[in-house]
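Asker: Pasting in a structure now, in structure tokens, and then I'll have a few things to ask.
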Amino acid sequence: AILSDGAQISVEITAVAGAAELFRALTGSAPTGVWSAPGRANLIGEHTDYNDGFVLPFAIQHRTAAAARLRADGRIRVASTFASEPVEVALDDLDALFPATGSGTRTPGDTAPATVPEWAAYPLGIAWALRGLIPAWAAATLPGVDIAIASDVPVGAGLSSSAAIEGAAASALNELWGLGLDPVTLAQAGRRAENEAVGAPTGIMDQMASMLGHADAAVFLDCRSLETRSIPLGFAEAGLEVLVIDTGVKHAHSTGGYGERRASCERGAAALGIAALRDATPADLPRAAELLDEVDFRRVRHVVTEDQRVLDTVAALAADGPRAIGDLLVASHASLRDDFEISIPELDAAVEAALAHGAIGARMTGGGFGGAAIALVDHDAVERVSDAVRRAFADAGFAEPHLFTVTPSDGPRRDV
Ligand code: ADP
Ligand code: MG
């Protein structure tokens with residue numbers, strides 16, 4: 001169902017109330033507070049983040065909430081409506097649970113230590129990463145904490161439920177532990193938790209989008225310097241909606257194709273003699289074609305042209321407004337489908353049907369191999385485009401997609 005503005009408000013209340021309720025069920029008492037952080041949709045800039053490039057995501061109204069309270073015994077307990085059992089460990093045992101792997105990531109395919117379920121490695125990994133930012137003597141004195149988590153962010157749909165849970169847990173611990181860390185540092189802690197505690201080799205985009213989002217704006221992020229600029233989107237003013245088409249096909253970041261794509265990008269940068277593909281421009285592509293095999297070349301071409309499309313999108317938004325970015329979204333999808341080869345038939349069908357029925361632009365969003373597409377659609381055309389996508393899926397024999405609109409929204413906050 002398409003969410004009306006009224007329904008979006010109830011969506012936010014659901015996660016916050018759900019987290020508080022779970023906290024009471026877990027501990028028998030009320031939390032000190034409830035903190036929440038949003039998921040994100042990526043407008044454009046896919047697989048550019050780990051190449052030191054540019055991305056343009058926005059935080060969405062779907063949020064994950066963490067209800068939390070300190071406890072005296074130096075232990076951390078996490079619970080989630082997502083899981084049947086809470087997980088509890090001593091804070092002092094976190095270092096043994098997630099041995100530091102230096103600045104790199106675990107090998108793709110590695111999963112979190114068998115001793116905690118994967119979902120628990122997100123909030124426990126945040127506690128571990130935050131403790132790692134302060135002197136050992138100070139970390140040793142941190143009190144324990146109970147955290148209960150509930151979420152409205154669809155999991156595994158390319159809307160970054162992972163950054164939302166990291167952002168919610170990081171915001172709660174930052175305040176309860178009195179760390180006073182800034183949003184960029186919290187985003188970096190989220191990435192470290194995801195890379196090293198969970199073992200998913202992802203870039204910094206999701207955490208930065210969640211931590212630095214603003215209503216009606218996208219976060220333009222230079223993934224090398226971590227400098228951000230808030231870019232007004234003006235969708236509502238232009239009568240536009242962002243329709244998410246969740247295919248329901250689950251991706252799995254810790255395995256397979258994602259790591260291979262990263263390896264291709266690293267080979268490309270090495271062959272070109274640059275630190276990262278961010279340092280190449282479209283003018284370098286003929287040389288890349290000579291140095292690389294055909295597959296690696298196409299991976300490189302996607303990243304290099306996608307960086308340029310992000311810059312062009314920022315320029316088009318400023319010069320001509322959101323109706324001017326449709327072709328850039330479509331070109332991004334074609335590049336992800338043909339050069340990076342991370343689309344799937346469901347995502348291609350979603351994009352084609354949306355465009356054929358009046359969408360201004362459409363593309364797959366997120367890491368690929370499943371997840372969601374976004375379509376930029378006139379407010380009045382949302383129903384028509386949605387019906388067309390549903391028909392296309394039915395005709396192709398695909399599972400029914402989940403359709404809803406997302407609104408560029410604010411970053412983390414304390415709700416209660
Ligand atoms: P995405 O970020 O695209 O939704 P990921 O695979 O990166 O997908 O992250 C999804 C994983 O994050 C889930 O499988 C689960 O382990 C964890 N997660 C997300 N939301 C929650 C939640 N509310 N409670 C517990 N774990 C969660
Ligand atoms: Mg994720």
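Asker: Identify all residues within the stretch 390-416 that are touching a Gly at 6+ places or on another chain (Cβ under 9 Å) and over 23 Å from ALA163 (Cβ atoms); write none if there are none. Break it down into steps so the answer makes sense when it comes.
Answerer: We begin by selecting, within the stretch 390-416, every residue touching a Gly at 6+ places or on another chain (Cβ under 9 Å); these are 398-402, 406, 408-412, 414-416.
Hits for the stretch 390-416 are PHE398, ALA399, GLU400.
Asker: Within the stretch 144-171, how many residues turn out to be in a helix (DSSP H, G or I) and either among the polar types (S, T, N, Q) or touching a Gly at 6+ places or on another chain (Cβ under 7 Å) (or both)? So that I can check it myself, show each step before the final result.
Answerer: Step one: of the stretch 144-171, the residues in a helix (DSSP H, G or I) are 161-171.
Those still in the list that are either among the polar types (S, T, N, Q) or touching a Gly at 6+ places or on another chain (Cβ under 7 Å) (or both) too: 161-164, 166-167, 170-171.
Number satisfying all stated conditions: 8.
Asker: Give the residue that is nearest to the chain's Cα centre (by Cα), with candidates limited to residues of the stretch 186-234 that are within 14 Å of ligand 2 (Cβ to nearest atom) and among the hydroxyl-bearing types (Ser, Thr, Tyr).
Answerer: Only one residue tops the list, namely SER210.
Asker: With the requirement that a residue be surrounded by fewer than 17 Cβ atoms within 10 Å (Cβ to Cβ) and under 22 Å from the mean Cα position of the chain (by Cα), what does the stretch 235-258 give you? Don't jump to the end; show me each part of the working.
Answerer: First, pick out the residues of the stretch 235-258 that are surrounded by fewer than 17 Cβ atoms within 10 Å (Cβ to Cβ): 236-239, 250, 252, 255-256.
LYS250, ALA252, THR255, GLY256 - these are the residues of the stretch 235-258 that are surrounded by fewer than 17 Cβ atoms within 10 Å (Cβ to Cβ) and under 22 Å from the mean Cα position of the chain (by Cα).
Asker: Identify, please: which residue in the stretch 349-358 is more than 16 Å from GLU241 (Cβ to Cβ) and out of contact with any helix residue (DSSP H, G or I) (no Cβ under 6 Å at 6 or more places or on another chain) and is, among those, surrounded by the most Cβ atoms within 10 Å (Cβ to Cβ)?
Answerer: Selected residue: GLU352.
Asker: For the stretch 313-340, which residues satisfy the criterion of being crowded, with 17+ Cβ neighbours inside 10 Å and either without any contact (Cβ under 8 Å) to a residue 60 or more places away in the chain or hydroxyl-bearing (Ser, Thr, Tyr) (or both)?
Answerer: Passing the criteria: THR313, ALA316, ALA324, GLY326, VAL330, ALA331, SER332, HIS333, SER335, ARG337, ASP339.
Asker: For residues in the stretch 81-124 being touching an Asp or Glu at 6+ places or on another chain (Cβ under 7 Å) and within 16 Å of ligand 1 (Cβ to nearest atom), which is modelled with the lowest pLDDT?
Answerer: THR105
Asker: Determine, yes or no, whether PHE398 is more than 24 Å from the chain's Cα centre (by Cα) and either among the aromatic types (Phe, Trp, Tyr) or within 20 Å of ALA41 (Cα to Cα) (or both).
Answerer: On the way: more than 24 Å from the chain's Cα centre (by Cα): yes; either among the aromatic types (Phe, Trp, Tyr) or within 20 Å of ALA41 (Cα to Cα) (or both): yes.
Judged against the criteria, PHE398 is a match.
Asker: Can we say ARG224 is touching a residue at least 12 places away in the same chain (Cβ under 8 Å) and closer than 18 Å to TYR258 by Cα?
Answerer: Details: touching a residue at least 12 places away in the same chain (Cβ under 8 Å): yes; closer than 18 Å to TYR258 by Cα: no.
Against the criterion (touching a residue at least 12 places away in the same chain (Cβ under 8 Å) and closer than 18 Å to TYR258 by Cα), ARG224 does not qualify.
Asker: Taking only pairs six or more apart or across chains, which ones have beta-carbon atoms under 9 Å, a first residue in the stretch 147-168 that is touching a residue at least 60 places away in the same chain (Cβ under 8 Å) and under 9 Å from ALA65 (Cα atoms), and a second residue that is assigned to a helix (DSSP H, G or I) and within 6 Å of ligand 1 (Cβ to nearest atom)?
Answerer: Between residues of the stretch 147-168 that are touching a residue at least 60 places away in the same chain (Cβ under 8 Å) and under 9 Å from ALA65 (Cα atoms) and residues that are assigned to a helix (DSSP H, G or I) and within 6 Å of ligand 1 (Cβ to nearest atom), the close pairs are ILE149/TRP119; ILE149/TYR122; ILE149/ILE165; SER151/SER161; SER151/ILE165; ILE165/TRP119; ILE165/TYR122.
Asker: Continuing with this model, one more query. For the stretch 75-84, name all the residues that are more than 23 Å from the chain's Cα centre (by Cα) and touching a residue at least 24 places away in the same chain (Cβ under 8 Å).
Answerer: Pass one, the stretch 75-84, residues more than 23 Å from the chain's Cα centre (by Cα): 75-77, 84.
Once the filter is applied, which keeps residues that are more than 23 Å from the chain's Cα centre (by Cα) and touching a residue at least 24 places away in the same chain (Cβ under 8 Å), the stretch 75-84 yields ARG75, ILE76, ARG77.
Asker: Which of the residues that make up the stretch 142-160 are of a type in the set (S, T, N, Q) and modelled with pLDDT of 95 or more? Before the answer, list the steps.
Answerer: Step one: filter the stretch 142-160 for residues of a type in the set (S, T, N, Q), giving 151, 160.
Of everything in the stretch 142-160, just one residue is of a type in the set (S, T, N, Q) and modelled with pLDDT of 95 or more, namely SER151.
Asker: Moving on. Those residues that are in a loop (DSSP other than H, G, I, E, B), closer than 20 Å to ALA275 by Cβ and away from ligand 1 (no atom under 16 Å from the Cβ), I need them from the stretch 200-232; list them, please. Working first, answer last.
Answerer: First pass over the stretch 200-232, keeping only residues in a loop (DSSP other than H, G, I, E, B): 200-204, 213-216, 223-227.
Imposing the further condition that a residue be closer than 20 Å to ALA275 by Cβ reduces the set to 201-204, 223-227.
If the condition is that a residue be in a loop (DSSP other than H, G, I, E, B), closer than 20 Å to ALA275 by Cβ and away from ligand 1 (no atom under 16 Å from the Cβ), then CYS223, ARG224, SER225, LEU226, GLU227 are the ones that fit.
Asker: Please work out which one of (1) modelled with pLDDT under 95; (2) surrounded by 15 or more Cβ atoms within 10 Å (Cβ to Cβ); (3) part of a loop (DSSP other than H, G, I, E, B); (4) at negative phi is the condition ARG262 fails and give its number.
Answerer: (3)
The values are calculated or read from the model by the stated rules, or taken from the named source; none is laboratory data. Because the structure is a prediction, the values reported are computed rather than measured. Cβ coordinates were reconstructed from backbone atoms using ideal geometry, including for glycine residues, and neighbour counts include every protein chain displayed.
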